[in-house]
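Single-structure report; data block below.
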Amino acid sequence: MTTLRPEHLHDLRHSGLSDATIAQMGVTSLDGMGLALGVHGPQSVQSAFAAHGYAIPYKNASGAITSTRYKVFWTNPLDEQGKKKPKYLSAVGQESMLYLPPGLDAVLAKTDYLLVTEGEKKAAKAVQEGYPCVALAGVYMWADSRVRHIEKGMGKPLTYLSLPMPELMALTKQRKVLIVFDSDSRTNAQVQQARYLLKDALLYHCASWVRIMDLPSGAMDEKKGL
């Protein structure tokens, strides 16, 4: 916990994560240069980001770090075109990975279903509360990166025929699967398409039972996540 800046610790706690869960996640704070190195690598980085943030390591079943996502707090949240800068970044060229929260195995052993959501903090919070959940880095980031690279080279779009990540296929093969994206997925056409695409791909390749769960919006139609 001593590796986290107070504002980063507050952000994680604000998502409902306990200090024990945060420590088990292995989150660490970074300055602008640390973020730039993580995203672009030492050979390509040009300058430090005008930002600070924290790194969320992705670990495999053995606990080894396989990739990292970065939560970024920009000094100026808008780019030169006036568009919002992304809140999360991955390393350039990073393959799609499945986020497995700490404590997932113990919760899985007690259940016969699996939740799939978008966002590491949401999945970690779910597992903390006893719900088996894994996270995608983005609503379309569920496919095997190596297979998608070949498909893209052939001009093929992402469809239900695209092969899901091996880790996702293994976890969904013998379980009931609930896809639980943010509450705006009912009205956001792009996200709505993404969740049905994932559902069809899982049913086609590996799972026998997949459902989509709608979440209620907050007050004034505020977007809510799992």
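The values are calculated or read from the model by the stated rules, or taken from the named source; none is laboratory data. Quick caveat, the model's predicted, so the values are computed rather than measured. Here the Cβ is made from the backbone with ideal geometry for all residues, glycine too, and neighbour counts use every protein chain on show. The area values use the complete protein model at the heavy-atom level, side chains included, leaving out ligands, DNA and RNA. Shrake-Rupley method; radii C 1.70, N 1.55, O 1.52, S 1.80 Å.
Things worth noting here:
- Matching residues, region 130-179, being among the charged types (D, E, K, R) and under 19 Å from G225 (Cβ atoms): none
- Selection status of A55, under 14 Å from the mean Cα position of the chain (by Cα) and either closer than 19 Å to V180 by Cβ or acidic (D, E) (or both): no
- Residue match in region 146-160 (condition: open to solvent by less than 30 Å² (accessible area, probe 1.4 Å) and of a type in the set (S, T, Y)): no
- Check on K85, of a type outside the set (F, W, Y) and under 27 Å from G32 (Cα atoms): yes
- As a summary of the residue check, R146 satisfies the conditions (1) under 25 Å from G32 (Cα atoms); (2) of a type in the set (K, R); (3) at pLDDT below 95 except for the one numbered (1).
- Only one of S47, S67 that is out of contact with any Leu (no Cβ under 6 Å at 6 or more places or on another chain), of a type in the set (S, T, Y) and open to solvent by less than 60 Å² (accessible area, probe 1.4 Å): S67
- Matching option when the condition is more than 20 Å from L17 (Cα to Cα), surrounded by 13 or more Cβ atoms within 10 Å (Cβ to Cβ), in contact with a His (Cβ under 7 Å, 6 or more places away or on another chain) and of a type in the set (A, V, I, L, M), among M141, M165, M169, M213: M169
- Extreme residue, most open to solvent (accessible area, probe 1.4 Å), among residues of region 1-35 that are within 24 Å of A61 (Cα to Cα) and assigned to a helix (DSSP H, G or I): Q24
- Figure legend. Inter-residue proximity from region 80-106: first residues under 16 Å from M165 (Cα atoms), second residues of a type in the set (D, E), beta-carbon distance below 7 Å, spacing 6+ or different chains. Indicated pairs: L98/E167; Y99/E120.
- Answer residue from region 175-220, given it is farther than 20 Å from E120 by Cα and among the aromatic types (F, W, Y) and is nearest to the chain's Cα centre (by Cα) among those: Y196
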